[in-house]
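Colleague: Quick one: this structure, given as structure tokens, is what I'll be asking you about.
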Amino acid sequence: MHAAAIGTPEFAGRTKVFGELIDHHAKEEENTMFKMARKLFTTEERSLLDEDYEAWKSSDAAKDALAAEKAKANVKAVVKASKN
């Protein structure tokens, strides 16, 4: 969506391509990574991983990690904007 005004055909095209890339990535993970995880971990181990992940998502560590990634993205956007 770099430098494309919202509502323009360029923005719409870029958004569509971006969405297609995300869909492709998700399907790739489902077909590769999840299949691999099913082979590597027992049902009980996968269940424990799910529980641990759910607990982590509501933790302060997760909130801090998300805030750090947002801050990093904002810095990158500012730097990029200053170059234009």
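Readers should treat all values here as calculations from the given coordinates under stated rules, not as data from a laboratory. Source: prediction; values computed, not measured.
Colleague: I'm spelling it out carefully: the read-out is Cα extents along the principal axes in Å, the candidates are (1) 51, 31, 20; (2) 38, 27, 22; (3) 45, 31, 19, and one was derived from this structure. Which label?
Modeller: Recomputing Cα extents along the principal axes in Å here picks out (1).
Colleague: While we're on this one: With n ≥ 4 as the cut-off for DSSP H runs, can you work out [θ] at 222 nm for the chain, using -39500 (n - 2.57) per run divided by the number of residues, rounded to the nearest 500?
Modeller: -28000 deg cm²/dmol
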